[in-house]
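Asks: My questions will all concern the structure given below.
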Amino acid sequence: MSHCDAPLTPTGRLRLARCVVDDGRLLRRAAERFQVGHTAAARWAGRCRQLGEAGMQDRSSRPHRSPRRTPTALEQRVVRLRHEHRVGPVRLAARTGIASSTAHRILVRHGLPALATLDRATGEPVRRYERSRPGELLHIDVKKLGRIPDGGGHKVLGRAEGRRNRTGAGYVYLHTALDDHSRLAYTEDLPDETAATCAAFLRRATAWFARQGVIVERVLTDNARAYTKNTWRDTCRDLGISPRWIRPWRPQTNGKVERFHRTLLDEWAYIRSYTSDTERQAAFPDWLDWYDYHRPHTGIGGQPPASRVTTLSEQHI
């Protein structure tokens with residue numbers, strides 16, 4: 001592959017070199033014809049005389065010697081500490097006495113990925129999966145969020161006044177059902193997370209997805225009591241849905257809905273200072289509609305979730 005700034009491809013270099021070597025043209029004339037410098041023309045002509053056509057390929061710009069390169073023993077120590085403690089370049093630099101940029105280069109040189117791409121429990125690269133069609137798997141989870149007292153919380157009033165304004169407003173229980181293939185989401189603000197509430201939410205979520213043309217086949221939850229009781233199992237049976245549960249202590253399995261909740265907090269709950277919980281809740285339907293039908297999703301190629309549900313009766317504009 002030629003250098004991105006190279007004025008000539010290997011074929012063009014060979015033609016230039018043959019003009020000089022085989023046809024006997026002057027270097028300056030050949031350089032003018034191919035619109036390159038005199039030194040470049042001399043370089044390719046010299047390599048053609050020495051190596052022939054093989055000499056027209058790019059060469060590595062890496063120096064033959066690197067006397068200031070980090071010693072091999074130190075590199076091995078950095079790699080060992082990374083495997084043992086799973087820390088990044090800054091902490092590795094503090095433990096080994098090198099610059100953090102040097103630690104980063106060592107990690108890259110040895111093919112060690114960023115910590116953000118690794119599973120925290122095992123240290124192995126996260127294996128991402130995606131169901132092949134909408135409705136094949138629905139992720140369900142609950143996000144508990146403190147309600148905002150009337151007049152505003154600490155973001156509006158400051159921390160001292162915000163603490164005095166606490167009136168026992170309680171919590172928001174955001175129940176979310178998210179389709180694995182499309183990332184289409186359905187969320188409700190409910191008063192609790194009991195088995196009866198979760199089962200009723202599943203019925204409404206299934207009906208909502210059905211109106212979007214998505215027939216739910218399986219549902220994946222964590223091992224909370226509400227999802228392991230007979231109420232949940234019976235509801236799944238009545239709806240013709242197969243229930244699934246993540247392995248204990250492995251929340252990454254339900255990571256798509258966990259990531260949705262983080263997006264929800266960043267882009268709706270904490271995006272600005274609300275003066276009451278009513279004001280924040282009033283902004284939620286518009287945000288959810290934007291997420292489902294307009295917001296580019298990086299996990300599906302920058303398209304909105306609704307773009308993957310081809311059976312939608314109408315597109316939101």
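Asks: Shape of the chain from its Cα gyration tensor (a ≥ b ≥ c, root eigenvalues): rounded if a/c is under 1.5, otherwise prolate when a/b > b/c, or oblate?
Replies: prolate
Asks: Moving on to the next point. Taking the Cα atoms only, what angle lies between the long axis of helix 230-239 and the longest principal axis of the chain, rounded to 10 degrees?
Replies: Rounded to the nearest ten degrees, it is 70.
Asks: List the aspartates and glutamates whose Cα lies under 17 Å from the Cα of residue 229, skipping any in the same chain that are fewer than 8 positions away.
Replies: 141, 192, 193, 238
Asks: Out of residues 5 or more away from residue 242 or on other chains, whose amide H comes under 5 Å of its own, with H placed 1.01 Å from N in the peptide plane?
Replies: 218, 219
Asks: Quick check on the chain: helices-only [θ] at 222 nm, where DSSP H runs of length 4 and up contribute -39,500 (n - 2.57) each and the sum goes over total residues. Nearest 500, please. Each step should come with its number before you reach the end.
Replies: On the way: 14 runs with 133 residues, N = 317.
For the chain, the value works out to -12000 deg cm²/dmol.
Asks: Could you list 101, 273, 182 so that the one with the fewest beta carbons within 10 Å of its beta carbon is first and the one with the most is last?
Replies: Fewest-to-most ranking of 101, 273, 182: 101, 273, 182.
Asks: Relative contact order for the chain: what percent, with Cα pairs under 8 Å and sequence separation of 6 or more?
Replies: Working: 411 pairs, mean separation 40.8, N = 317.
13 percent.
Asks: Pick from 63, 191, 89: which residue has the top mean-square fluctuation in a GNM of the chain where Cα pairs under 10 Å get a spring?
Replies: For the chain, modelled as a Gaussian network with Cα springs under 10 Å, the answer is 63.
Asks: For 36, 214, what ranking results if the residue with the fewest other Cβ atoms within 10 Å of its Cβ goes first?
Replies: The order, fewest Cβ neighbours first, is 36, 214.
Asks: By the gyration tensor of its Cα atoms, with a ≥ b ≥ c the square roots of the eigenvalues, what is the shape of segment 72-116: rounded for a/c under 1.5, prolate for a/b over b/c, or oblate?
Replies: rounded
Asks: I would also like to ask the following. Name the long-range amide H neighbours of residue 182: under 5 Å, sequence gap of 5 or more, or other chain; modelled H, no Pro or chain starts.
Replies: Those lying under 5 Å, H to H, from residue 182 are 135.
Asks: Moving on to the next point. For segment 1-150, what class follows from the C-alpha gyration tensor (a ≥ b ≥ c being the square roots of its eigenvalues): rounded when a/c is under 1.5, otherwise prolate if a/b is larger than b/c, else oblate?
Replies: In terms of gyration-tensor shape, prolate.
Every read-out reported here was derived from the displayed coordinates using simple, explicitly stated rules and does not represent laboratory data. In this text the structure is predicted, and so the values were computed from the model without any measurement. Neighbour counts run over all protein chains shown; Cβ positions are idealised from the backbone, glycine included.
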